[in-house]
Amino acid sequence: MTGASAGTQNMNQLADDQLLIARIATQDRAALRALMLHHQVRVFRFLARRVRNDAIAEELTNEVFAEVWLHAKKFEARSSVSTWLLSIAHNRMVSTLRKRREESWNEDQANEIADTDDDPEVSAQKFDKGRIIRRCIDGLSPAHREIIDLVYYHEQSIAEVSNVLGIPEATVKTRMFYARKQLSEALKILGIDRGWP
């Protein structure tokens, strides 16, 4: 696919997404299903990487689209629909994590948590650059991990990341700089000569 046709496809998707939001604002359930079909996996992955629990990520993903259903009329198209969805997801996640921190620790539930350490065979299978990079990303602070994930895995621009997280663009750039530096250092320690791109 050429750059021009990819750009045209992206513009068409942006227009389609905005049309779907307009239809959702009129309580069109088919439009909501179409929007979910296109964005649900992306929103789920965004959340799953942060909460590290698929059940919670799935629940939050459903909440994101429920919020879209209730508030589609408020969408002002100042950002792309995907940026708006990730922003809703981020806010839902922060609220949920804050509530969970306030809940008390349950010793019985803690004892039921399975040991997830890999056996040697699984560890050997994980030894490829992509997985090593993901593990290094997981070792970053939550703020740095979130920036890297949005920029590299969700292909959000600095301005879009700023919108999603509700922080200034300069802060996004600073966090990105430090996150890339930390990743390069971690990869070098693991013997991977090429750091972060």
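The values are calculated or read from the model by the stated rules, or taken from the named source; none is laboratory data. Please read these numbers as outputs of a predicted model, since none were measured by experiment. Neighbour counts run over all protein chains shown; Cβ positions are idealised from the backbone, glycine included.
Can you tell me which residue is nearest to the chain's Cα centre (by Cα) among those in the range 160-175 that are without any contact (Cβ under 8 Å) to a residue 24 or more places away in the chain and more than 18 Å from Arg49 (Cβ to Cβ)? Among those that are without any contact (Cβ under 8 Å) to a residue 24 or more places away in the chain and more than 18 Å from Arg49 (Cβ to Cβ), it is Ser162. For beta carbons closer than 8 Å, sequence separation of 6+ or different chains, a first residue in the range 84-97 that is under 18 Å from Lys74 (Cβ atoms) and a second that is modelled with pLDDT of 90 or more and of a type in the set (S, T, N, Q), the qualifying pairs are Ala89/Thr61.
Can you name the residue in the range 110-160 that is at pLDDT 85 or above and over 21 Å from Lys181 (Cβ atoms) and is also surrounded by the most Cβ atoms within 10 Å (Cβ to Cβ) among such residues? Only one residue tops the list, namely Glu160.
From Leu14, Leu32, which residue is modelled with pLDDT of 90 or more, within 23 Å of the chain's Cα centre (by Cα) and under 22 Å from Val164 (Cα atoms)? Answer to the check: Leu32.
Checked against (1) at pLDDT below 90; (2) buried (at least 17 other Cβ atoms within 10 Å of the Cβ), Phe44 passes all but a single condition, namely (1). Number of residues in the range 125-151 that are within 17 Å of the chain's Cα centre (by Cα) and in contact (Cβ under 8 Å) with a residue 24 or more places away in the chain: the value is 15. Flag not set for Leu20, criterion: under 19 Å from the mean Cα position of the chain (by Cα), crowded, with 17+ Cβ neighbours inside 10 Å and at pLDDT 90 or above.
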